[in-house]
1. Please identify the pairs in which a residue from the range 134-152 that is farther than 18 Å from H106 by Cβ has its Cβ atom under 6 Å from the Cβ atom of a residue that is in a loop (DSSP other than H, G, I, E, B), counting only partners at least 6 apart or on another chain.
2. Filter the range 70-89 for residues that are under 23 Å from I228 (Cβ atoms) and in contact with a helix residue (DSSP H, G or I) (Cβ under 6 Å, 6 or more places away or on another chain); which is modelled with the lowest pLDDT?
3. Regarding the range 192-206, can at least one residue be identified that is in contact with a Ser or Thr (Cβ under 9 Å, 6 or more places away or on another chain) and among the aromatic types (F, W, Y)?
4. Kindly evaluate R164 against the criterion of being under 17 Å from the mean Cα position of the chain (by Cα) and touching a residue at least 24 places away in the same chain (Cβ under 8 Å).
5. Residue check: is L160 within 16 Å of the ligand (Cβ to nearest atom) and in contact with a Ser or Thr (Cβ under 8 Å, 6 or more places away or on another chain)?
6. Considering only the range 7-29, I want to know if a residue exists there that is in contact with a strand residue (DSSP E or B) (Cβ under 8 Å, 6 or more places away or on another chain) and at pLDDT below 95.
7. Just name the residue that is nearest to Q91 (Cα to Cα) out of those in the range 131-151 that are among the aliphatic types (A, V, I, L, M) and surrounded by fewer than 18 Cβ atoms within 10 Å (Cβ to Cβ).
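The values are calculated or read from the model by the stated rules, or taken from the named source; none is laboratory data. Remember, predicted model here, so these are calculated numbers, not experimental data. So basically every Cβ, Gly included, is an ideal-geometry build from the backbone, and we count neighbours across all protein chains shown.
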Amino acid sequence: MEELLSNTQTSFDDISESYERICEDIKKAMAEAGRTDEVRLMAVTKTVSPERINHAVSLGVELLGENRVQEFLDKRDSYAPAEVHFIGGLQTNKVKYIIDKVTMIHSVDSIRLAQEISRRAGQHGLVMDILVEVNIGDEATKGGISVQSVRDFCSEVLALPNIRLRGLMTIPPPGCSEEIFAEMQKIFIDIRDNGAENINSTNFLFDTLSMGMSGDYTAAIRYGSTIIRVGSGLFGYRKYKNQES
Ligand SMILES: *Cc1c(COP(=O)(O)O)cnc(C)c1O
């Protein structure tokens, strides 16, 4: 496990500046793409202290992304109320800790995980919004459903009682070409418009494409992303104990 040593010391002013720049970039990329819908900026908060998260929220950030269960549970009482989505790899046995504390889970990549989310949501009288994670680069080392299996996987998920399928998420290979984003957009639109099996009146609201991080969010927006997940671009680089400084 990587152990956090410190965040590089970007000041509150740096966060404010980065936030303004990102908002400008979003506007520009949307205009270039002729988009008039909404792109949400998610602040990815791994390794970020509650004070800095609260500063981002005070600037106008409304959506936070957490990807480590324990870190999230340790921090959540110290930060300002904001909507939180879970975006990291999620072990089935940890679902119970977060099920009533987040409003969406982006990283659903196995039917076992989807089943557990549905079961735990049911226990709380909830319907959980989820995204299916797609392994768009077909990288052996990465989680996510293969491109060929996405529709069938969506159909399986839609058979579960306490889940609402909101769309797709991806973590493309670093430095990948824009064609990857274009392919992702195509898969998204295809399922959105043509559906999958087991859709009923309440379990399918396919309106969310979660793609784009600090290095590539403007390209992702040009290809239809509706949530960009930005960590280091907002809070500064993360630094871990096992890393050279
Ligand atoms: C860390 C992380 C991000 C943000 O990455 P940055 O490059 O720091 O913007 C986005 N999505 C996921 C799933 C992450 O784990």
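1. Pairs found: R151/A196.
2. Applying the filter and picking the extreme gives A80.
3. No; the residues of the range 192-206 include none that is in contact with a Ser or Thr (Cβ under 9 Å, 6 or more places away or on another chain) and among the aromatic types (F, W, Y).
4. Criteria met by R164.
5. Against the criterion (within 16 Å of the ligand (Cβ to nearest atom) and in contact with a Ser or Thr (Cβ under 8 Å, 6 or more places away or on another chain)), L160 does not qualify.
6. Within the range 7-29, one or more residues are in contact with a strand residue (DSSP E or B) (Cβ under 8 Å, 6 or more places away or on another chain) and at pLDDT below 95.
7. A140
Matching residues to (1) surrounded by fewer than 18 Cβ atoms within 10 Å (Cβ to Cβ); (2) within 13 Å of the ligand (Cβ to nearest atom):
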residue	(1), (2)
Y79	no, no
A82	yes, no
I98	no, no
H106	no, yes
A114	no, no
R166	no, no
